[in-house]
Amino acid sequence: MSTFLSGVAVLLSTLALACSGYTAYELFTLRQTLNTKTASNTVPAQVPSAIATASTAPQPTASPLSASTQVPTTSTIQPGQFVQPAFGNKAEVELLAAKRIKDPETANRDVVNVQMRIRRLATEGVGGGDIISVASTTARNPDTSVTYKGVALDRSTGSVSLAQLRPKASADAYVWVRVPQGVDSLDIYVPDTAAFKNVPISN
């Protein structure tokens, strides 16, 4: 009887030892598998990329300019914006531009080149005295009422005779007017033509 019990005890000890070994083997295998997966999925955090590619580099965001840093816009005259009758209804004068330029003699930007188009409308009743003296054009500061005159006779077209234009035909003309810097708009007075009010000066 004691021999049988001793044999059973030895058998149970052997089975327990075998189970312990099998369990240890499984745990070792599982640990190895986990270590392998972790190593393959982990990116070393200690080695950052030295060069950022174009696709991964942060792009600068465009922020709107504040009112103090915005580029100033230049005002321009739109076609047909400033048209006035001349000599009653015999003709019309259209302002094409009022552009600030540099005086070639003084290098100062105190000159405004006023460009205009004079168109004859009347088919009859136009005489030899119907002449628009472009050189006599003047301008006025709408804020201060200071008047500005032409630079010189040779800095203008001179004059345009309606009698020399066919009906519906036009002639382009210009005059340089001395206007101090800082003035942004003008009232322009072409002889025998209705006044042009608040004409913007472009740069």
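The values are calculated or read from the model by the stated rules, or taken from the named source; none is laboratory data. Bear in mind the structure is a predicted one, so any value in this text is a computation, not a measurement. Reconstructed Cβ throughout: ideal geometry from the backbone, glycine too, with neighbour counts over all protein chains shown. Ligands, DNA and RNA are excluded from the accessible area calculation, which covers all protein heavy atoms including side chains. Shrake-Rupley method; radii C 1.70, N 1.55, O 1.52, S 1.80 Å.
Points worth noting:
Rundown of residues vs (1) farther than 15 Å from Phe87 by Cβ; (2) modelled with pLDDT under 95, yes/no style:
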{"position": "Pro104", "(1), (2)": "yes, yes"}
{"position": "Val111", "(1), (2)": "yes, no"}
{"position": "Leu121", "(1), (2)": "no, no"}
{"position": "Glu124", "(1), (2)": "no, yes"}
{"position": "Gly128", "(1), (2)": "no, yes"}
{"position": "Ser161", "(1), (2)": "no, no"}
{"position": "Leu186", "(1), (2)": "yes, no"}
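- Within the stretch 148-190, the set of residues being of a type outside the set (A, V, I, L, M), part of a loop (DSSP other than H, G, I, E, B) and open to solvent by 20 Å² or more (accessible area, probe 1.4 Å) comprises Lys149, Thr157, Ser159, Arg166, Pro167, Lys168, Pro180, Gln181, Gly182, Asp184.
- Failed item, numbered, when Asp172 is tested on (1) under 16 Å from Ile131 (Cα atoms); (2) within 34 Å of the chain's Cα centre (by Cα); (3) without any contact (Cβ under 8 Å) to a residue 40 or more places away in the chain: (3)
Rundown of residues vs (1) in contact with a strand residue (DSSP E or B) (Cβ under 9 Å, 6 or more places away or on another chain); (2) part of a strand (DSSP E or B); (3) at pLDDT below 95; (4) of a type outside the set (Gly, Ala, Ser), yes/no style:
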site: Ala54; (1), (2), (3), (4): no, no, yes, no
site: Pro58; (1), (2), (3), (4): no, no, yes, yes
site: Ser63; (1), (2), (3), (4): no, no, yes, no
site: Gln70; (1), (2), (3), (4): no, no, yes, yes
site: Ser75; (1), (2), (3), (4): yes, no, yes, no
site: Pro85; (1), (2), (3), (4): yes, yes, no, yes
site: Asn89; (1), (2), (3), (4): no, no, yes, yes
site: Lys99; (1), (2), (3), (4): yes, yes, no, yes
site: Val114; (1), (2), (3), (4): yes, yes, no, yes
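- Tally, over the stretch 111-137, of residues that are open to solvent by 30 Å² or more (accessible area, probe 1.4 Å) and either touching a residue at least 40 places away in the same chain (Cβ under 8 Å) or closer than 17 Å to Leu153 by Cβ (or both): 8
- Against the numbered list (1) closer than 22 Å to Gly128 by Cβ; (2) part of a strand (DSSP E or B); (3) open to solvent by 80 Å² or more (accessible area, probe 1.4 Å), Asn198 comes up short only at (1).
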